[in-house]
Amino acid sequence: MGRRPMRERDSLLTRTPAPAAATATTTTSTQTASSGTMVLEGRSKKRGLGRILPFLGPAFIACIAYMDPGNFATNISAGAQFGYLLVWVIVVSNLMAMLIQSLSAKLGIATGSSLPEVCRAHFPPPVVIGLWIFAELVAIATDLAEFLGAALGFNLLFHIPLLPAGLMTAIATFLILGLERYGFRPMEAVITAMVGIIALCYILETAIGKPDFGQVGRSFLPPKFDGTESVLLAVGILGATVMPHVIYLHSALTQHRITPKTADEARRLFRFEVLDVGIAMGIAGFVNVAMLLMAAATFNAHGFIHIDAIVDAHKTLEPILGSSAGVIFAVSLVFSGLSSSAVGTMSGQIIMQGFLHRHIPIWVRRLVTIAPSIFVIAIGLDATRTLIISQVVLSFGIPFALVPLVIFTRRRDIMGALVNRPMTTALISLVAGVIIVLNLFLLRQTFFGS
């Protein structure tokens, strides 16, 4: 059963016990939770990074979804075709994502439940089933993008066919997911390391490509589009940046990690979580902008405006910037695909368990989600175009995660002391409205023209 509506006090003090698997943590995870609890209770003597470190992690797992292979496809296509025109879309999308992920984390802290669990507790069954169906479609689109991206990365790096590369991706993802049995901290550490590798790769790519930062600034004055294809890519960027499956996931990542005992401790924990989101999403935003800058400076500036495949981008990089640029690109794609694929599977578990109160082994979930990707590889569909379309599907799934988040975080009987302020509710409502309107505009442009 879902959790009941809660008053301010027991929304913070009364919680469902964590499942046995969640409590079987390693010493590292236990020490992290203990250190965080001491900070919340004011008993810790640590200062600086030592005080903050126990709270960093959940947003780093969530942020990997914001630099997954779908981002590669949409950002490279946008930069190659339109130069620096759509940089503003990435920046605005990333700011939206920071707000959304902060609220998702806050819901988990205040209720001790994930967003799907809260939906199940407070919405009628037909609505819950409908939300679950849309969430599963989003999860399938997510897994497709991430699995294909990692397979493409292995293909480019080791020059092996896509099908064996896909099998390598499956094995590597299983190994990453196996870390969950050792507690939350090992998984957070591995994902954070992968985030660092991806960011380092794009620092190097940006330095090699030497983008025109003057044109980057002018892309904001004023923000604009250039035809239907630019709108399609903008919605793809939005879908790849404001990821609906991690709206569900982030609320679960904060559930049983460090548990506040009072309203003051909950507020303090949320402030640390906002810091976690700011750092992690700031890195993700940098990587996304760097992807587009690299494509604009390399492909658009040299007249290669029809780079609409990741493989083409890799091949074109080498003669322009040298073989090292191609290797860096492939390495970043591999780490992006593997880490985001693992996170996507975790999200699928949260969606299934929360909406339906059904648990399936995570390896079964992984096997099921591999099937569409292997099918796409086997029949020879254009992998990059498939990635872009998958991101558009994600964008259409955003409202079905975002609207319930807005509804619940404004309700004091659910959120207690962490209920949204009126200004926060107004801002997140505006964000949801912009996303929905942009999607409707895309439909009009696609089917009826300008």
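One residue stands out among those in region 315-326 that are of a type outside the set (D, E, K, R) and either modelled with pLDDT of 90 or more or touching a Gly at 6+ places or on another chain (Cβ under 7 Å) (or both): the one that is surrounded by the most Cβ atoms within 10 Å (Cβ to Cβ), which is 317. Restricted to region 18-67, and to residues there that are modelled with pLDDT under 85, within 27 Å of the chain's Cα centre (by Cα) and not in a helix (DSSP H, G or I), the residue that is surrounded by the most Cβ atoms within 10 Å (Cβ to Cβ) is 25.
Yes/no matrix, rows are residues, columns are (1) in contact (Cβ under 8 Å) with a residue 40 or more places away in the chain; (2) more than 18 Å from residue 346 (Cβ to Cβ); (3) among the hydrophobic types (A, V, I, L, M, F, W, C):
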residue	(1), (2), (3)
200	no, yes, yes
268	yes, yes, no
283	yes, yes, yes
288	yes, yes, no
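Among all residues of region 215-233, there is at least one that is closer than 25 Å to residue 320 by Cα and hydrophobic (A, V, I, L, M, F, W, C).
Please verify whether residue 408 is over 16 Å from the mean Cα position of the chain (by Cα), among the aromatic types (Phe, Trp, Tyr), closer than 24 Å to residue 97 by Cα and at pLDDT below 75, treating the condition exactly as stated. No, not satisfied. Go through region 313-366 and give me each residue that's free of Cβ contacts under 8 Å to residues at least 12 places away in the same chain and among the hydrophobic types (A, V, I, L, M, F, W, C). Correct list: 360, 364. For region 242-269, the candidate set comprises residues that are within 21 Å of the chain's Cα centre (by Cα) and of a type in the set (A, V, I, L, M, F, W, C); within that set, the residue that is surrounded by the most Cβ atoms within 10 Å (Cβ to Cβ) is 243. Taken together, the residues in region 68-90 that are of a type in the set (S, T, N, Q) and either farther than 17 Å from residue 394 by Cα or surrounded by fewer than 24 Cβ atoms within 10 Å (Cβ to Cβ) (or both) amount to 2. Would you confirm whether or not region 159-182 contains a residue that is touching a residue at least 60 places away in the same chain (Cβ under 8 Å) and on the phi > 0 side of the Ramachandran plot? There is no residue in region 159-182 that is touching a residue at least 60 places away in the same chain (Cβ under 8 Å) and on the phi > 0 side of the Ramachandran plot. Taken over region 234-256, the residue count meeting the criterion of being part of a loop (DSSP other than H, G, I, E, B) and in contact with a Pro (Cβ under 7 Å, 6 or more places away or on another chain) is 1. In region 325-340 there is no residue that is within 22 Å of residue 59 (Cβ to Cβ), part of a helix (DSSP H, G or I) and in contact with a Lys or Arg (Cβ under 6 Å, 6 or more places away or on another chain).
Comparison of 136, 117 shows that the only residue that is in a helix (DSSP H, G or I) and closer than 20 Å to residue 241 by Cα is 136.
Residue-wise test of (1) at pLDDT 75 or above; (2) surrounded by fewer than 22 Cβ atoms within 10 Å (Cβ to Cβ); (3) not in a helix (DSSP H, G or I).
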residue: 271; (1), (2), (3): yes, yes, no
residue: 277; (1), (2), (3): yes, no, no
residue: 282; (1), (2), (3): yes, yes, no
residue: 287; (1), (2), (3): yes, no, no
residue: 290; (1), (2), (3): yes, no, no
residue: 295; (1), (2), (3): yes, no, no
residue: 307; (1), (2), (3): no, no, yes
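Within region 421-438, the set of residues being part of a helix (DSSP H, G or I) and over 23 Å from residue 396 (Cβ atoms) comprises 422, 423, 424, 425, 426.
The values are calculated or read from the model by the stated rules, or taken from the named source; none is laboratory data. Because the structure is predicted, anything quoted here is derived from the model rather than measured. All Cβ positions, glycine included, derive from the backbone under ideal geometry; neighbour counts span all protein chains shown.
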